[in-house]
Ligand SMILES: [Fe+2]
């Protein structure tokens with residue numbers, strides 16, 4: 001069974017960039033619900049026990065499950081894994097990932113240029129979804145957004161950074177001002 005991972009920070013630790021109420025509802029309600037819903041599907045398939053969520057999403061299209069359950073694993077499993085990764089990247093104390101910075105500079109010239117592209121992609125994404133920095137199958141870095149809870153793992157890509165742009169990630173504090181949320185999020189992205 002999959003579990004909700006512990007946060008590395010208190011609900012109010014990301015203030016003022018991400019408010020305590022948003023973090024609590026996002027984590028304890030939204031994220032927890034994805035975990036519960038995923039477990040309800042997986043328990044129907046004992047053969048899948050022991051597989052990591054990364055493996056399940058990577059092999060999504062060939063899993064021996066019904067088409068209805070494949071859709072649930074895509075949505076609920078993606079919802080769990082995306083949020084696990086999202087929270088793991090956040091904190092008020094910077095712990096810069098120098099290897100990641102070097103890789104970004106190789107692919108985008110400067111961190112600033114990368115940030116501009118990522119921000120533009122986040123603000124421009126229509127509807128619910130996530131923005132990704134990934135390493136693709138040719139070891140090139142790519143920035144793109146995906147709808148809903150779709151995972152880069154299903155495309156054979158390795159996620160390096162991500163930002164949740166579902167309204168539940170920012171609406172309490174920022175309402176319709178997604179651009180302001182994205183700008184502020186850079187302050188609590190620990191690794192860059
Ligand atoms: Fe979310």
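In the chain, the longest principal axis of the Cα atoms and the axis of helix 78-88 are about 40 degrees apart.
Give the peptides 147-153, 1-7 in descending order of average Cβ contacts within 10 Å, highest first.
On the way: 147-153: 20.0, 1-7: 13.3.
The most tightly packed comes first, giving 147-153, 1-7.
The radius of gyration of the Cα set in segment 1-95, together with its Dmax, comes out at 15.0, 45 angstrom. Spatially, segment 82-126 and segment 1-80 are offset by 22 Å when compared through their Cα centroids. The C-alpha atoms of the chain define a longest principal axis, and helix 32-42 lies at about 30 degrees to it. Using C-alpha pairs below 8 Å separated by at least 6 residues, the relative contact order for segment 98-188 is 25 percent.
Under 1.5 on a/c is rounded, so check that first for the chain, then, if it is not, pick prolate when a/b is larger than b/c and oblate when it is not; a ≥ b ≥ c are the square roots of the alpha carbon gyration tensor eigenvalues. The shape class here is oblate. Relative to the longest principal axis of the C-alpha atoms of the chain, give the angle of the C-alpha long axis of helix 111-124, reported between 0 and 90° and rounded to the nearest 10°. Taking the Cα atoms of the chain, the angle to 111-124 is about 60 degrees.
On alpha carbon coordinates alone, what is the Rg over Rh value for segment 122-168, Rh being the Kirkwood radius?
Rounded to two decimals, Rg over Rh is 0.97.
Just check segment 98-188 against the gyration tensor rule for me: Cα atoms, a ≥ b ≥ c as the square roots of the eigenvalues, rounded for a/c under 1.5, and otherwise prolate or oblate depending on whether a/b exceeds b/c. Mind dumping the intermediate values first?
Numbers: a/c = 2.41, a/b = 1.40, b/c = 1.72.
Because a/c hits 1.5 or more and a/b fails to exceed b/c, segment 98-188 counts as oblate.
Can you tell me, using C-alpha contacts under 8 Å and at least 6 residues apart, the relative contact order of the chain as a whole percent?
Numbers: 267 pairs, mean separation 51.1, N = 192.
After rounding, I find 27 percent.
Relative contact order for segment 20-88: 42 percent, from Cα pairs under 8 Å spaced at least 6 residues apart, divided by residue count.
We did not get these values from a lab; they are worked out from the coordinates using the rules stated. Since the model is a prediction, treat every value here as computed from it, not as a measurement. Virtual Cβ from ideal backbone geometry, glycine too; neighbours counted across all protein chains shown.
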